[in-house]
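Novice: Dropping a structure here in structure tokens format, bear with me for questions.
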There are 4 protein chains.
Amino acid sequence: MNPSALAETYHGVRQRTLALASPLSAEDCCVQSMPDASPTKWHLGHTTWFFETFVLERWEPDFKPFDPAFRVLFNSYYNAVGDKHPRPQRGLLTRPGLERVLAYRADVDRRMQALLAAPDGALTVLLQLGLQHEQQHQELLLTDIQHLFSRNPLAPAYGEELPSSGTPPELGWHVFAGGVTEIGHTGEGFCFDNETPRHRVFLQPYQLASRLVTNGDYAAFIAAGGYADPVFWLAEGWDWRVSQGRTHPLYWRESNGAWQEFTLAGLVALNPHLPLKHVSYYEADAYARWADARLPTEAEWEHAAGNAEGLSQLFTEAWQWTSSSYAPYPGFRAGAGAVGEYNGKFMVNQYVLRGGSRATPAGHSRPTYRNFFPAAACWQFSGIRLARDV
Amino acid sequence: MNPSALAETYHGVRQRTLALASPLSAEDCCVQSMPDASPTKWHLGHTTWFFETFVLERWEPDFKPFDPAFRVLFNSYYNAVGDKHPRPQRGLLTRPGLERVLAYRADVDRRMQALLAAPDGALTVLLQLGLQHEQQHQELLLTDIQHLFSRNPLAPAYGEELPSSGTPPELGWHVFAGGVTEIGHTGEGFCFDNETPRHRVFLQPYQLASRLVTNGDYAAFIAAGGYADPVFWLAEGWDWRVSQGRTHPLYWRESNGAWQEFTLAGLVALNPHLPLKHVSYYEADAYARWADARLPTEAEWEHAAGNAEGLSQLFTEAWQWTSSSYAPYPGFRAGAGAVGEYNGKFMVNQYVLRGGSRATPAGHSRPTYRNFFPAAACWQFSGIRLARDV
Amino acid sequence: MNPSALAETYHGVRQRTLALASPLSAEDCCVQSMPDASPTKWHLGHTTWFFETFVLERWEPDFKPFDPAFRVLFNSYYNAVGDKHPRPQRGLLTRPGLERVLAYRADVDRRMQALLAAPDGALTVLLQLGLQHEQQHQELLLTDIQHLFSRNPLAPAYGEELPSSGTPPELGWHVFAGGVTEIGHTGEGFCFDNETPRHRVFLQPYQLASRLVTNGDYAAFIAAGGYADPVFWLAEGWDWRVSQGRTHPLYWRESNGAWQEFTLAGLVALNPHLPLKHVSYYEADAYARWADARLPTEAEWEHAAGNAEGLSQLFTEAWQWTSSSYAPYPGFRAGAGAVGEYNGKFMVNQYVLRGGSRATPAGHSRPTYRNFFPAAACWQFSGIRLARDV
Amino acid sequence: MNPSALAETYHGVRQRTLALASPLSAEDCCVQSMPDASPTKWHLGHTTWFFETFVLERWEPDFKPFDPAFRVLFNSYYNAVGDKHPRPQRGLLTRPGLERVLAYRADVDRRMQALLAAPDGALTVLLQLGLQHEQQHQELLLTDIQHLFSRNPLAPAYGEELPSSGTPPELGWHVFAGGVTEIGHTGEGFCFDNETPRHRVFLQPYQLASRLVTNGDYAAFIAAGGYADPVFWLAEGWDWRVSQGRTHPLYWRESNGAWQEFTLAGLVALNPHLPLKHVSYYEADAYARWADARLPTEAEWEHAAGNAEGLSQLFTEAWQWTSSSYAPYPGFRAGAGAVGEYNGKFMVNQYVLRGGSRATPAGHSRPTYRNFFPAAACWQFSGIRLARDV
């Protein structure tokens, strides 16, 4: 990428984050609805901190932090950088106020301007990482706001509903022959370290569903007693269901015998044609078992996505749970220094999701992309694509 | 009180609440730092809800609520009024925004205007209750903001520090002869139901300290190992101290061997001459035992306060823990209807505090006033006045 | 008491503890069903430890502990004596086995024999304290076993049911004129330190119920929706009821529309004529409010018990919750040394029960006796005697 | 296996369980030290319940359960069989007593005798499953007793210490070329369903350590600050370490600057030459990172174990954590009926251990055997064999 394209990309991504926050009040931006979610203001500050810490501090002559306190407040989890503010307490930070965090953004953007004019290779690498990182937080900003608003009895809307896709195509099954194949990223474009190295895997023959499970499909599972019979569930999933009192997906609500769904557009009638969203791994696995199918492995998913004729909704609707626990690829090496903490240290007790969602920034994802969340996570745009043995 | 005085009082109290909130941002007003504390915005809404629910709804012709949803959101604990929003979730309400809650206040104040012109007796009673209630929340607003700011690493200041009182007088002991005496409220002025009925009690002879325990006094207790030896503590207090890891009062911090205190004016050097504030019942009781004294009963305190020559700092510095568990007076009857839930249903496992604090509105307290909090509560302006047997 | 009577009393009390344990297997004696309860084996060891620690260690020439480890294992809460084994872990002590604890008892009894022949006054005082202490543990042994067996799906019986009392007398109300009276212990007989000093109190006129609330009375409260309406409950009591899912007393069970009760004789049909047992303070208070009455204060109870004509079931059926928080009497001084930890350090957030129960050893209680438990405690033989204002 | 060999095996396995329990008192057999562990008595009953439920009930003419209540009490997790007693409450079952559970064992063994004389194929399959199941519980019985005794301040010994192996061989690295290979069970002998089907996998070239990590190796990790620096740990592992306050393995204790280890033989000086045992996945992973290595995958382990020249301590010392999350093999199908709940429903958030331990019954394990535990589990005989990329 040449410098001016890079600068344009930088400003485009940075601007989009502000645009996403623009429908929100300072109050909306400040509150944290659960330890797993972060306030919008924190997302705004942390993505800026990333550039200040990993780019400006290294390349800016006479670097001085905008505010030394922000070094701690907006550090997410990088131990190598120093102290960090405890995650569950991010919502207590009424100060710095939103205005000051926006000033922080503006100041860092201004200072980045100079560096963007003549970036060297190492800076370009970190810049790209910072932009990809910010795009990840753009999606999180939306999932976190949706969760916050879902806890408000007023059920406020963040924005307009996306236009409904029409009746989904009939679910078809695509057969893949398996054998030795390769997965993982290679080549020029950006990727995260967890997508490397590209390596060989052996796949048994398998089938993959042509589209995602719909709300209507899932409603049939519920109607058939899917939440009442442990036979469909992993033991840990059943314990989760019982202890949480779940009888339907997180954002579904029953009203006079009909399903409603809480969305970024507020509370709406459930559209049976839309892909199911916001289910846990446990729910995805239980549905698959009920449907006499299973979840795909991430290798199956990636192999199919590279041979994708006939497969729809790969990147555009909902991330797709795979049965693969998040683990390092053979030969994986985390990067040196603090950015090496980006991915590797989370590789335990999480499951990989593949694809992308309505909330994923355009161009952010790719077939080798590895998203990951704990099995109980529901507040992401997480859905289901079924697989089967041949 | 004649109508115009009543209206003046009403507007004075209502205005003071706004003034207390005025140094705060919308973000400051929205966040809840612990389940025991409430957001400023909630205090603003709830005190308004009180007038709307208990006055306007009954006396306003063609009453219509400002917003039906507020009926639930701003109900604190009145079961007779209907549903209520769970207390620990008050901080999730980014909507309604501060502006809208201020509009709610203005609307209710406007509608109250008409009723204030010609109040009947029953309305006057509820109006007074509403104003006293709002004054209680004025103090809570300050204690809750102090707690919120104490959790922020930036240690923000709410306002200017109050001028320090000078060196405290020598601690003296005032002897009271005891015998049959009366406590509880009687006569014309306002009181809460829990101060009635006035009734006889028998007091043994006792002594009461002329002034409150100072920060310096308490620092000596700490220096003498007071937090390291269970002999000074109630068993439950010691368990509390250990499980919470307390080695000093809530808002004290050690810095290079010197004590600092987090106050509404931010972090300041501890002033040894000021009365101690923000201690739990457990700490108060332990200090008293170490000092070869005890906490007074509420009857002792009230009797002394009515014969107060030589006693200072009764109402002006910090509420004073008594050894009296909060219980109904003999013959106590809660009021009929929803306002009967004001006091009576909290009469278990709480301890009575007497007096008043720097944060108590002028004229709000009186010798018969019964404040009450659980033994572990520290975030109030709670201090210690010692008693002794004769 | 002369030495031989003292020795006889000693052996009687010690023998009765063994008799109470005799229907139990070594397994029954070892397990702890909740942190509040202790294993029988621990009761056997701890009561022995009391004599070893407070009598033998001081008076026995060439004292050597039976087993140094027991000094820690069987210390309940005496900080002055040294370390103690954590209470919630008492049930993990499969070693020492029951046989060894019985050998410990036998050894201490043997060594006590010598001292009992010629006790001096101080020894007599501690001996009596030790025997009263052991009688308290006799009742706890029974309540703790009942709780353990209640958690077993086999619902095992400890022993024969006590013969049912017949139809209870009509409930009558006895009026007391009040005024200045005295409560607290004085005179020759044994008492605990918390019963002293005797002191004057002022009582308003009051009425006290002639008998205890029966199971039938309480079933009527349940049938009338008593567990469904917060109006009858203290706020904390209602929260307790909801969070615990309580819809009836701890040991009641519904079976085909009829009430059963789990007792020391196993699961039996609920006898409506028997006094209600095993209710919390919250339940007692709620029942009283529903019955248009209240709980008595401990002073009211004691004053009435000293003028007890017409009052039945004072000491023989169930301890009676009072509305009095457990607090030191005016002028109370805890004893010097470790035994001073016996009572005083528990004087916070507990409520006084008066009287005695079916499980209380004969002669153990008296009108001035102060039993105490937290408001949520249900597993004791705790019942209700109503009071009313005149 | 011919009938008489089968009967002999049956009695051998059943007898060994009794032998393992024989050093224990009834009290030792009754208590549960944590929800993850079960009482010995429960192991004795549950393994018997397995034969009664899955064999006798199906094949015995005129089947009648020994005790209908045991059907629930000794069901571990089979939903298809009916109700089950909650796992964390297994330790409350002082009844049935040990004697009665031993009678249950004897009765079922007697009734099995008749069936063992002429087993059909289906019965043989279930019988073998029941015996393998009982062998698994033999190891659990030992790990659970060690945990119980570790919580006892007396540190009781279960038995004699096993003879120490001498100085371990120098750690060597064995290189494997990788490529397409097969893992999983095939052929005649017994295996669990989770070992099937045998299937192809692709392995990158890798190295495997010739021996296990020793106590001495691990002590060097601690001495080098391994528990003080998050750089070595997974994020979740570090949180676990901090919240649990771990600074060394579960059963290590420091005494005057030297390490001791609590073992089945009681508290002994740590032997630096013995393989490390009782570490969590988090600790194993952290050690590996510190040692510039990693944990093997289960496929790497199994492939190496089938080509095991030069590898020692594969099955005889400690189970070896692998980096493989426990998941179904491609094409895995759980068995029909209740025994289908044996393995499949636990395939989430657990990690596979391979090999065997000192506590594993002879002949029980094999190269394809998949043991599994959550990442935080420490109380098993779990150790470390390192791997490296080539």
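Novice: Being within 11 Å of chain B (Cβ to nearest Cβ) and either in a helix (DSSP H, G or I) or exposed (fewer than 12 other Cβ atoms within 10 Å of the Cβ) (or both) is the filter; apply it to the range A:91-127 and report the residue that is nearest to the chain's Cα centre (by Cα).
Specialist: The residue in question is A:G91.
Novice: Six or more apart or on different chains, Cβ atoms under 9 Å: show the pairs whose first residue is in the range C:221-241 and at the interface with chain B (Cβ under 10 Å from one of its Cβ atoms) and open to solvent by less than 30 Å² (accessible area, probe 1.4 Å) and whose second is of a type in the set (V, I, T) and not in a helix (DSSP H, G or I).
Specialist: C:L234/B:V348; C:A235/B:V348; C:G237/B:V348
Novice: Whether any residue in the range B:353-362 is closer than 27 Å to B:M34 by Cβ and more than 14 Å from the chain's Cα centre (by Cα) is what I want to check.
Specialist: Checked against the condition, which is being closer than 27 Å to B:M34 by Cβ and more than 14 Å from the chain's Cα centre (by Cα), the range B:353-362 yields no hits at all.
Novice: Still on this structure, I have one more. Need pairs with beta-carbon distance below 6 Å; first residue more than 18 Å from C:L129 (Cβ to Cβ) and away from every other protein chain (no Cβ under 12 Å) and within the range C:176-205, second surrounded by 16 or more Cβ atoms within 10 Å (Cβ to Cβ) and among the aliphatic types (A, V, I, L, M); sequence gap 6+ or separate chains.
Specialist: Correct list of pairs: C:F176/C:A304.
Novice: If you go through the range D:316-331 one residue at a time, how many are farther than 16 Å from D:P168 by Cβ and in contact with a His (Cβ under 9 Å, 6 or more places away or on another chain)?
Specialist: 3
Residues are listed down the side, and each one gets a yes or a no for (1) modelled with pLDDT under 95; (2) in a helix (DSSP H, G or I); (3) not acidic (D, E):
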site: B:E134; (1), (2), (3): no, yes, no
site: B:I145; (1), (2), (3): no, yes, yes
site: B:L154; (1), (2), (3): no, no, yes
site: B:G216; (1), (2), (3): no, yes, yes
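Novice: Another question about this same structure. Could you list, in sequence order, all residues of the range A:180-195 that are part of a loop (DSSP other than H, G, I, E, B), open to solvent by less than 40 Å² (accessible area, probe 1.4 Å) and over 18 Å from A:T124 (Cβ atoms)?
Specialist: Hit for the range A:180-195 is A:G184, nothing else.
Novice: Mind listing whichever residues of the range B:311-329 are more than 9 Å from every other protein chain (Cβ to nearest Cβ) and in a strand (DSSP E or B)?
Specialist: Correct list: B:W319, B:Q320, B:W321, B:T322.
Novice: Here's another thing I want to ask about it. Given the conditions (1) open to solvent by less than 20 Å² (accessible area, probe 1.4 Å); (2) touching a strand residue (DSSP E or B) at 6+ places or on another chain (Cβ under 6 Å), and given that D:L131 satisfies all but one, which numbered condition is not satisfied?
Specialist: Unmet for D:L131, out of (1) open to solvent by less than 20 Å² (accessible area, probe 1.4 Å); (2) touching a strand residue (DSSP E or B) at 6+ places or on another chain (Cβ under 6 Å): (2).
Novice: What are the pairs, 6+ residues apart or on separate chains, where a residue within the range C:95-116 that is farther than 30 Å from D:P23 by Cβ has its Cβ under 6 Å from a residue that is open to solvent by 30 Å² or more (accessible area, probe 1.4 Å) and in a helix (DSSP H, G or I)?
Specialist: Hits for this filter: C:L115/C:W59.
Novice: State the number of residues belonging to the range D:70-90 that are more than 12 Å from chain C (Cβ to nearest Cβ), without any contact (Cβ under 8 Å) to a residue 40 or more places away in the chain and either surrounded by fewer than 17 Cβ atoms within 10 Å (Cβ to Cβ) or of a type in the set (F, W, Y) (or both).
Specialist: 1
Novice: Return yes or no: is C:P249 within 14 Å of chain B (Cβ to nearest Cβ) and in a loop (DSSP other than H, G, I, E, B)?
Specialist: Spelling it out, it is not the case that C:P249 is within 14 Å of chain B (Cβ to nearest Cβ) and in a loop (DSSP other than H, G, I, E, B).
Novice: Among the residues of the range A:252-285, which ones are without any contact (Cβ under 8 Å) to a residue 60 or more places away in the chain and assigned to a strand (DSSP E or B)?
Specialist: If the condition is that a residue be without any contact (Cβ under 8 Å) to a residue 60 or more places away in the chain and assigned to a strand (DSSP E or B), then A:W252, A:R253, A:E254, A:S255, A:A258, A:W259, A:Q260, A:E261, A:A269 are the ones that fit.
Novice: Quick check on my filter: what residues within the range D:271-301 are away from chain A (no Cβ under 14 Å), surrounded by fewer than 24 Cβ atoms within 10 Å (Cβ to Cβ) and in contact with a strand residue (DSSP E or B) (Cβ under 9 Å, 6 or more places away or on another chain)?
Specialist: Selection gives D:N271, D:P272, D:H273, D:L274.
Novice: Do any residues in the range A:47-65 that are more than 17 Å from A:Q135 (Cα to Cα) have Cβ atoms under 9 Å from those of residues that are open to solvent by 50 Å² or more (accessible area, probe 1.4 Å) and part of a loop (DSSP other than H, G, I, E, B), where the two are at least six apart or on different chains, and which pairs are they?
Specialist: Going by the 9 Å Cβ cut-off, the qualifying pairs are A:W59/A:D120.
Novice: Among the numbered criteria (1) open to solvent by 10 Å² or more (accessible area, probe 1.4 Å); (2) under 25 Å from C:A362 (Cα atoms); (3) of a type in the set (D, E, K, R), which single criterion is violated by C:E60?
Specialist: Single failed check for C:E60: (2).
Novice: Filter the range C:365-387 for residues that are open to solvent by 20 Å² or more (accessible area, probe 1.4 Å), under 25 Å from B:T297 (Cβ atoms) and either within 14 Å of chain B (Cβ to nearest Cβ) or of a type in the set (D, E, K, R) (or both) and give the result.
Specialist: Across the range C:365-387, the qualifying residues are C:F372, C:F373, C:P374.
Novice: Determine whether D:E283 is out of contact with any Asp or Glu (no Cβ under 6 Å at 6 or more places or on another chain) and modelled with pLDDT under 95.
Specialist: Judged against the criteria, D:E283 is not a match.
Novice: So which residues in the range A:330-364 are in a loop (DSSP other than H, G, I, E, B), more than 9 Å from every other protein chain (Cβ to nearest Cβ), of a type outside the set (A, V, I, L, M) and open to solvent by less than 30 Å² (accessible area, probe 1.4 Å), if there are any at all?
Specialist: Passing the criteria: A:Y342, A:N343, A:G355, A:G356, A:S357, A:T360, A:P361, A:H364.
Novice: A further question follows. Looking at the range A:206-217, which of its residues are open to solvent by 10 Å² or more (accessible area, probe 1.4 Å) and either closer than 30 Å to A:G130 by Cα or within 14 Å of another protein chain (Cβ to nearest Cβ) (or both)?
Specialist: A:Q207
Novice: Ok, one more. Condition test on C:L44, is it within 14 Å of chain D (Cβ to nearest Cβ), touching a residue at least 60 places away in the same chain (Cβ under 8 Å), open to solvent by 10 Å² or more (accessible area, probe 1.4 Å) and within 15 Å of D:E27 (Cβ to Cβ)?
Specialist: Here the answer is no, as C:L44 does not meet what is asked.
Novice: Limited to the range C:142-156, what total is found for residues that are open to solvent by 20 Å² or more (accessible area, probe 1.4 Å) and more than 8 Å from C:F262 (Cβ to Cβ)?
Specialist: Qualifying residue count, the range C:142-156: 3.
Novice: A further question on this structure: What is the number of the single condition among (1) over 22 Å from A:R354 (Cβ atoms); (2) open to solvent by 20 Å² or more (accessible area, probe 1.4 Å) that A:R198 does not meet?
Specialist: Among (1) over 22 Å from A:R354 (Cβ atoms); (2) open to solvent by 20 Å² or more (accessible area, probe 1.4 Å), the lone unmet condition for A:R198 is (1).
The values are calculated or read from the model by the stated rules, or taken from the named source; none is laboratory data. Please read these numbers as outputs of a predicted model, since none were measured by experiment. Here the Cβ is made from the backbone with ideal geometry for all residues, glycine too, and neighbour counts use every protein chain on show. The accessibility values were calculated without ligands, DNA or RNA, using every heavy atom of the protein model including side chains. Shrake-Rupley method; radii C 1.70, N 1.55, O 1.52, S 1.80 Å.
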